[in-house]
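The structure appears below as structure tokens.
The values are calculated or read from the model by the stated rules, or taken from the named source; none is laboratory data. Computed from a predicted structure; not experimentally measured. In this analysis, Cβ positions are derived from the backbone assuming ideal geometry, glycine residues included, and neighbour counts consider all displayed protein chains.
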Amino acid sequence: MPNKKPSSTDPKLLEILVCPVTRTTLEYDSAAQELISRAAGLAFPIRDGIPILLADEARELAD
């Protein structure tokens, strides 16, 4: 069996997801595997292709 790359997040899913704090759109950072909310100043992790949209799990963005 050939090695599979880790699954990426579905682009269609990214179109409908919003920040759980501000309800604004999210930006996808493929290098960091995060969804960025500029309005909230938070970065939500993506683990195993699943966005973790919990404020407690998000990291604060540096200015």
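Listed values, structure above:
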read-out	value
Residue 59 being at pLDDT 95 or above and in contact with a Ser or Thr (Cβ under 8 Å, 6 or more places away or on another chain)	no
Scope segment 49-63; condition surrounded by 10 or more Cβ atoms within 10 Å (Cβ to Cβ) and charged (D, E, K, R); matching residues	57, 59
Cross-chain or 6+ apart pairs with Cβ under 6 Å, segment 12-38 first and free of Cβ contacts under 8 Å to residues at least 12 places away in the same chain, then surrounded by 15 or more Cβ atoms within 10 Å (Cβ to Cβ) and of a type outside the set (D, E, K, R)	27/36
Hey, residue 29 more than 9 Å from the chain's Cα centre (by Cα) and modelled with pLDDT of 90 or more or not	no
Pick from segment 1-26, criterion under 15 Å from residue 48 (Cβ atoms) and basic (Lys, Arg), ranking: modelled with the highest pLDDT	5
